[in-house]
Each structure stands twice: as C-alpha cells, then as structure tokens.
Amino acid sequence: MMRRRLGPTIILLALFAIALSSVARDIDSRASARPEGPAAELLAQLPVEPENRAGYERDRFGDYDRPAVLAANHADYPDCDGYYSAADAVCHLSADGVQVDHLVPLAEAWDSGAWSWGPDQLDQFAGDIQNLWLMTSALNQAKSDADPAEWRPPAEAAVCDYVTTWIEVKAAYSLSVDQAERAALEQALASCPGGGA
C-alpha cells in the first residue's frame, strides 16, 4: 500500500525537478543574451550602415515603468536624497525635475534597425531598464534623439558610462551605427579608463 503511493509521488517530484531545471535554463539564457566584453570590442562588431528614419512613429514602441526607474535611481545614488541626473551631475529633490530618458533614443534605435522589428521587440526595447536613466528635464529636451556624434553628457564623469552603455545596448539588440556615430564613440572610448578595452 505504501509502495503504491510512493511511486506516483516520486514521478511527480521528478517531473517537477525537470520543469524547474528547464525554467532555470531559460532564465540563464535570457540573462546571458546581453553581450559582455570590452566596449571597444563590441563596437568593432557593430555593423556600420546609414540610418533609415522612414516610417518612424513613437507609438509603434511600448512604454516604460517610470516608478521602477525612479526606484532604481534612488538605489543607485543613495547620497542624493532625491533623484540624480548623472548626465549633468544634478541631484533633484523632486521627481518633477527629472524625465526618464532612453539613453539610446527610440528614434535612433528605429534608424539603426528597429524598423524591421515586430511589436514584441519594440515593446521590449522601450521598457528595457538597462537603456533608461533619469535626466534633468531641460537637458533631456535638449538631447532629444541625438546620438554621440551630436550630444554627450555635460558632466565629464558621465561620458564613459554613457558611451559604454550606448555600445552595449546597440550590441544587445543587433543595431547598427553610422560612420559619424562610430567615430565619435571611438574617440570617446579612447579617453576612458583602459580605452574601452
């Protein structure tokens, strides 16, 4: 009698363990999807192509989670008793002073290959917290959809993180760079610790 009950239990436990293993593998594969390595090497692997703005509409992309970005910023910059805009090194006491900015702008992503994506990938990119940061509202308006050939953070300490993240995001989503953008990124990396190596 005891043996009959134990058999199905063991089978169920084994199936449960297999299911957990499968979920763990899936999580690991998604976590490793973002390319790693020196920024200079990642930049060298990005295709160089002219931009294609045809058909861009902001509404094609999804949205982001502003409260999550605010919370992450608060955790990342505990010395700022508010919300820190790394681009200009300003601590804002109120969230009203900052906007959530796509470091690689949506229009730039579109120009660089997102025009070929389906709705799910457009939504994923728009909400990717690795590509979101807080910025002083007026500065964000001035940045608009510029790339590193046209705009860099006014705070010198933020430039290396900015260009490195730009390259990592473009590599993660298999986006291209144009000639001027690549030259600007190479120039900026040369001034970073280790030259982006």
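Per-structure values
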| item | result |
| --- | --- |
| Near pairs, Cβ below 7 angstrom, 6+ apart or cross-chain, from region 137-154 (more than 13 Å from Trp166 (Cβ to Cβ) and in contact (Cβ under 8 Å) with a residue 12 or more places away in the chain) to any residue that is β-branched (Val, Ile, Thr) and surrounded by 17 or more Cβ atoms within 10 Å (Cβ to Cβ) | Ser137/Val98 |
| Among the residues listed as Ala89, Ala107, Ala114, the single one being over 19 Å from the mean Cα position of the chain (by Cα) and either buried (at least 17 other Cβ atoms within 10 Å of the Cβ) or farther than 13 Å from Tyr56 by Cβ (or both) | Ala89 |
| Close pairs from region 53-65: first surrounded by fewer than 10 Cβ atoms within 10 Å (Cβ to Cβ), partner of a type in the set (Val, Ile, Thr), Cβ under 6 Å, at least 6 apart | none |
| Hey, Tyr83 over 25 Å from Pro47 (Cβ atoms), of a type in the set (Ser, Thr, Tyr), at pLDDT 95 or above and buried (at least 17 other Cβ atoms within 10 Å of the Cβ) or not | yes |
| Options Gln99, Gln141: the member that is in the same structural domain as Val69 (by TED's automatic domain parsing), under 27 Å from Gly62 (Cα atoms), within 17 Å of the chain's Cα centre (by Cα) and outside any loop (DSSP other than H, G, I, E, B) | Gln99 |
| Given (1) farther than 18 Å from Phe125 by Cα; (2) at pLDDT 95 or above, index of the condition Asp65 fails | (1) |
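The values are calculated or read from the model by the stated rules, or taken from the named source; none is laboratory data. Just so you know, these numbers come straight off a predicted model, no measurement behind them. Note: ideal-geometry Cβ built from the backbone for every residue, glycine included; neighbour counts use all protein chains shown.
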